[in-house]
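Worksheet for the structure shown next.
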Amino acid sequence: MNTEHIDIGLARYSDWAFTSSLVILVGALLLLAVELAYSRGRKVEARELVSTGAAGPATVGTGAAGPATVGTGAAGPAILDRGVTADSDRPGVVVETPRRSADERIGKAGLSLVYVGIAALFACIVLRGLATSRVPWGNMYEFINLTSFCGLIAAAVVLRKPQYRALWAFVLLPVLILLAVSGKWLYSNAAPVMPALQSYWLPIHVSVVSLGSGVFLVAGVASILFLLKMSPLAAAGREGALARIVQRLPDAQTLDRIAYRTTIFAFPIFGFGVIFGAIWAEEAWGRYWGWDPKETVAFIAWVVYAAYLHARSTAGWRDKKAAWINVVGFVAMVFNLFFINLVVTGLHSYAGVG
């Protein structure tokens, strides 16, 4: 391995930051999964307790002597976990402040770990770049790390509202799979890129494609969850762990809106990535388009996303049909990322492992 201009110490720190990010994000996934599993049951129970007020007059008790009570069913008053504080603007008026449940605190801790994990992954990418004195996306290991980072940043922006926190577990799952595959089977030692990649188009083309791919990941997850939400599993009263988890998700309209807006954002970005790649191909290989397997599948994926956006605005194709098209685009992206790079022989094979 050519170690010229390679800072081994920084490269080692980059590897440690990658491992730390993976471990932290796994911990975040576990905490968010705990909240997802238990908060649904708590909220359903609370709604049932409140609804028992139909059997009798609802009473709300306030004061320092005890918690507020809502509803008087046959089993007695329903007790809600509330704290009591005084309103400084209205003397003598007591205001009830709901206390956070244990699962909500666990979910907030999980979300905090997500942000720490994102920071650690960012440190991994930056340290790899400093160690090699180049943009840190010259091989599959680095490309997947960058794509995963872009996906996490996109999720942090889209899912910033507290009611969307349940979606984080579903975003983290594919990201962690990507990172695990990247670190286990696609890892490459810090080294200069091969001559074919030593071009100013490398940071432009790859960064744009990574950003588009990362945002498409969020869109794909949202469409898959939308289809689950539209399935019989979301019906009220359905039994089973999966049914309860699906019921915990935001409503179908919200999931559809997230998928649509993220796809609208990523679609032109990924399109520019394809165009930049064609320009780079003309400089490197003397032609703009050669139907190389990776070029072809990337273009097919872009066309599929164009079809999704068209279907999404066409009567009769909205909802499930459009969502399935978006899922097909997501599958095409994953297929292009792994199978085309690692199995099929083409001009882009130099971006593989090693």
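Looking only at residues that are more than 18 Å from the chain's Cα centre (by Cα) and modelled with pLDDT of 90 or more in region 322-354, which one is surrounded by the most Cβ atoms within 10 Å (Cβ to Cβ)? The extreme case among them is A322. Do we have any residue at all in region 250-257 that's under 20 Å from the mean Cα position of the chain (by Cα), surrounded by fewer than 22 Cβ atoms within 10 Å (Cβ to Cβ) and in a loop (DSSP other than H, G, I, E, B)? Checked against the condition, which is being under 20 Å from the mean Cα position of the chain (by Cα), surrounded by fewer than 22 Cβ atoms within 10 Å (Cβ to Cβ) and in a loop (DSSP other than H, G, I, E, B), region 250-257 yields at least one hit.
Looking across region 182-195 at every residue that is buried (at least 16 other Cβ atoms within 10 Å of the Cβ) and aliphatic (A, V, I, L, M), the one that is farthest from L25 (Cα to Cα) is identified as V193.
The selection criterion, being within 24 Å of V331 (Cβ to Cβ) and assigned to a helix (DSSP H, G or I), does not hold for I279.
The single residue among R261, R287 that is among the basic types (K, R), in a helix (DSSP H, G or I) and out of contact with any His (no Cβ under 6 Å at 6 or more places or on another chain) turns out to be R261. Being outside any helix (DSSP H, G or I) and within 30 Å of Y38 (Cβ to Cβ) is a description that applies to R238.
The values are calculated or read from the model by the stated rules, or taken from the named source; none is laboratory data. Owing to the predicted nature of the structure, the values given are computational and were not obtained by experimental measurement. As a convention, Cβ positions derive from the backbone with ideal geometry for all residues, glycine included, and neighbour counts pool all protein chains shown.
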